[in-house]
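Worksheet: the structure to be examined is printed underneath.
The values are calculated or read from the model by the stated rules, or taken from the named source; none is laboratory data. Values in this document were obtained by computation on a predicted structure and should not be read as measured data. Counting neighbours? That spans all protein chains shown, and the Cβs are built from the backbone with ideal geometry, glycine included.
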C-alpha cells in the first residue's frame, strides 16, 4: 500500500532525510519512530503530498505522490502533530467542511459518521475552542477519517494529552487498526506502539536504521544491563574482554549497558562479581532496542525486514 524508495529532502545545505526506503502492506499498522529532528515529520509530510522530495519516490496505492497528488490525497488521511482545526467552527460543521475539501460524496453524512467513529457524538454541536484538548485531538482524527481513506498517517496523535486522554486515544487507535485500513503511527510513547503495532520503522539522523517486527527486536538481541556497587577502573576492560561483547556503555552511576552478538550473561556476571554485582538483566524491550538503534548512525542488517 505504501512504498517509499530512496527518499531525500534537503533544505539548502541541510539534509533532513537521506535515502529513506521502507514499505507498508495493506492493513498493516506500523510505528514510525525516531528522536526529535530525525526526519519523521518530513517523511510523513512528503508521503501525504504536503511537501515535495528533493529526490526519490513515494507511492500510495500504486500512485506516485509527486505525479498523482490528488489520487494520493483521496487515499490518505493525515493528522499532523498540531490538529488543523478552526477553533471558531462547530465540530460537525468543521468535519463536513473537511469532507467537502477532500471530495467526500456526501460531506454532511460523512461528517456524522466520522464523528461517531471517534466518539464525538456528545460534542458535535459545540465550538471547537470550547473543547478539551482530548476532544480537539478527536476532531483532528475525524477530519483525517472523514473521506474514509485507505491509509491513515498520524503524527504524535496523543501529544500533550493527560494519561486518561492518552488511553482514550489509544483505544480508538486499536479500533481503527482492527480493520483493513493501513496505519502509520508516529509517537514518542512506545507503549502505544507496542499496544497497536506489529512492526516499526526507526529513523535516526535522517536515515532508516530498522524496519523490524517488534517481537524480533527482542528475539535477535543479546545486550544486557548491569549495575554494580563499585565501578572500578578495570571493570569496562574486563567486560570488553568477554567473547561476544562488542561495546560497553556507561549508563549512569554504577550502571552499564553491554552490547553483544551472542549470549554473554554468565561470563559478564563472572567478570562483574568482583565489582559487587547488584543487577543483571537482558535488554529486551522496545525501548531498549530503540535507544540502542538511535545511539548509532548506521542501519543494523540484523534488524531489517521487508513487510508483507
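Residue-wise test of (1) modelled with pLDDT of 80 or more; (2) at positive phi; (3) surrounded by 15 or more Cβ atoms within 10 Å (Cβ to Cβ); (4) in contact with a helix residue (DSSP H, G or I) (Cβ under 7 Å, 6 or more places away or on another chain).
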residue: 254; (1), (2), (3), (4): yes, yes, yes, no
residue: 267; (1), (2), (3), (4): yes, no, yes, no
residue: 273; (1), (2), (3), (4): yes, no, no, no
residue: 289; (1), (2), (3), (4): yes, no, yes, yes
residue: 295; (1), (2), (3), (4): no, no, no, no
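Cβ separations smaller than 8 Å between residues 6+ apart or across chains give the following pairs from region 215-232 residues that are under 17 Å from residue 31 (Cβ atoms) to residues that are modelled with pLDDT of 90 or more and buried (at least 20 other Cβ atoms within 10 Å of the Cβ): 217/200; 217/210. Just so you know, in region 207-227 the residues that are surrounded by fewer than 20 Cβ atoms within 10 Å (Cβ to Cβ) and modelled with pLDDT of 85 or more include one that is nearest to residue 275 (Cα to Cα), and it is 227. Scanning region 88-123 for residues that are modelled with pLDDT under 95 and part of a loop (DSSP other than H, G, I, E, B) gives 102, 103, 104, 105, 118, 119, 120. Considering (1) at pLDDT below 85; (2) surrounded by fewer than 22 Cβ atoms within 10 Å (Cβ to Cβ); (3) assigned to a helix (DSSP H, G or I), the lone condition that residue 194 does not fulfil carries the number (1). Filtered by the rule that a residue be surrounded by fewer than 23 Cβ atoms within 10 Å (Cβ to Cβ) and either out of contact with any strand residue (DSSP E or B) (no Cβ under 8 Å at 6 or more places or on another chain) or under 18 Å from residue 64 (Cβ atoms) (or both), region 3-18 gives 3, 5, 6, 8, 9, 11, 12, 13, 14.
Evaluated against (1) closer than 30 Å to residue 271 by Cβ; (2) part of a strand (DSSP E or B), residue 233 falls short on exactly one condition, (2).
Against the condition more than 28 Å from the chain's Cα centre (by Cα), assigned by TED's automatic domain parsing to the domain that holds residue 168 and either closer than 19 Å to residue 173 by Cβ or surrounded by fewer than 18 Cβ atoms within 10 Å (Cβ to Cβ) (or both), how does residue 92 come out, does it pass? Here the answer is no, as residue 92 does not meet what is asked. Residues that are in contact with a helix residue (DSSP H, G or I) (Cβ under 7 Å, 6 or more places away or on another chain) and assigned to a loop (DSSP other than H, G, I, E, B) within region 124-147 comprise 124, 125, 126, 131, 146, 147, listed in sequence order.
The set of residues in region 170-185 that are out of contact with any helix residue (DSSP H, G or I) (no Cβ under 6 Å at 6 or more places or on another chain) and either assigned to a loop (DSSP other than H, G, I, E, B) or within 26 Å of residue 125 (Cβ to Cβ) (or both) comprises 171, 172, 175, 176, 178, 179, 180, 181.
Given the criterion crowded, with 19+ Cβ neighbours inside 10 Å and under 17 Å from the mean Cα position of the chain (by Cα), identify the matching residue among 102, 73, 40.
After ruling out the rest, the residue left standing is 40.
Could you look through region 197-206, keep only residues that are assigned to a loop (DSSP other than H, G, I, E, B) and in contact with a helix residue (DSSP H, G or I) (Cβ under 7 Å, 6 or more places away or on another chain), and pick out the one that is surrounded by the most Cβ atoms within 10 Å (Cβ to Cβ)? Among those that are assigned to a loop (DSSP other than H, G, I, E, B) and in contact with a helix residue (DSSP H, G or I) (Cβ under 7 Å, 6 or more places away or on another chain), it is 197.
Matching residues to (1) buried (at least 19 other Cβ atoms within 10 Å of the Cβ); (2) within 19 Å of the chain's Cα centre (by Cα); (3) under 23 Å from residue 23 (Cβ atoms):
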| residue | (1), (2), (3) |
| --- | --- |
| 133 | no, no, no |
| 139 | yes, no, no |
| 143 | yes, no, no |
| 147 | yes, no, no |
| 157 | yes, yes, yes |
| 160 | no, yes, no |
| 171 | no, yes, no |
| 178 | no, yes, yes |
| 182 | yes, yes, yes |
